Amino acid sequence: MGEMGLRERKKQRMYQDVSDIAVRLFLERGFDAVSVAEVAAAAGISKPTLFRYFPAKEDLVLYRIADHETEAARVAAGAAGPLDALRRNFLDGLERCDPVTGLNDHPAVLAFHRLLYGTPALVARVYGYLERSEAALAEALGGGLDARLAAGQIIAVQRILAHENWRRIAAGEGVEEVRPDAVRAAERAFSRLAAGLPWLTNQGETR
């Protein structure tokens with residue numbers, strides 16, 4: 001068991017190190033200007049080895065947000081009021097300036113978001129990430145059409161809220177300037193979700 005744990009830690013370390021090297025190169029020269037072979041060489045591994053870890057070039061960048069792919073599902077699973085739990089989780093993220101909420105003005109975070117949203121191939125890849133997030137959340141909500149419809153709405157709301165925060169930060173506004181509006185927008189958006197999805201709240205109705 002201990003040996004397997006060490007092997008898994010080494011594997012995760014490899015993912016992190018190669019992703020970090022790739023993102024640094026992409027930020028320096030542009031995503032399209034850097035080849036996978038160059039990333040592999042900089043990381044000291046072969047190209048086939050790199051592709052065993054990252055099936056597509058875009059995955060080198062999206063690895064940084066991979067942990068968030070099933071976050072909504074993890075938060076909702078087992079909660080008495082899944083939507084209430086998701087609302088609290090998003091508001092907590094705003095309080096922590098979690099980059100996934102868009103409310104973070106650290107230069108490295110802003111540079112990463114510019115790379116992510118400014119590269120068409122990465123934007124296209126993000127939609128696959130969102131689809132998997134929706135699917136995981138729908139499963140956590142019980143599966144079926146109602147759950148899929150709800151998951152689509154929730155993931156879309158979180159994405160739009162985060163993108164609006166990032167847009168304002170990228171335009172030069174400070175975190176503390178944006179935060180009050182971000183909190184109010186999140187409260188309003190989740191209230192509207194609750195009105196349309198009462199079965200996902202603590203006071204909800206059954207379907």
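Assorted remarks:
- Residue list for segment 102-120, given a label point 7 angstrom along the Cα-to-Cβ vector of residue 66 and an amide N cut-off under 14 Å: none
- Spin-label model, residue 20/residue 202: points 7 Å from Cα along the beta carbon direction are separated by 4.1 nm.
- Just the protein heavy atoms count here, and of the accessible area of the chain at 1.4 Å, carbon and sulfur take up 53 percent.
- Pair residue 56, residue 88: separation of 7 Å Cα→Cβ label points (nm): 3.6 nm
- Considering segment 105-170 at the alpha-carbon level, its Rg and Dmax are found to be 14.0, 42 Å.
- Projected-area mean, the chain, by convex hull of Cα positions, square nanometres: 13.4 nm²
- Hull volume in cubic angstrom per residue (convex hull over the Cα atoms of segment 127-207): 97 Å³
- Label-point separation, residue 95 to residue 173 (7 Å along Cα→Cβ), nm: 2.2 nm
- Furthest towards positive pole of dipole, 142, 124, 80, structure part segment 76-194, Cβ charges: 124
- Restricting the calculation to Cα atoms, segment 1-117 shows an Rg/Rh of 1.05 when the hydrodynamic-style radius is the Kirkwood one.
The values are calculated or read from the model by the stated rules, or taken from the named source; none is laboratory data. From a predicted model like this one, the values you see are computed outputs, not experimental measurements. Heads up, the Cβs are rebuilt from the backbone with ideal geometry, glycines too, and the neighbour counts pull from every protein chain shown. For the accessible areas, the whole protein counts, side chains as well, though only heavy atoms, and no ligand, DNA or RNA atoms are used. Shrake-Rupley method; radii C 1.70, N 1.55, O 1.52, S 1.80 Å.
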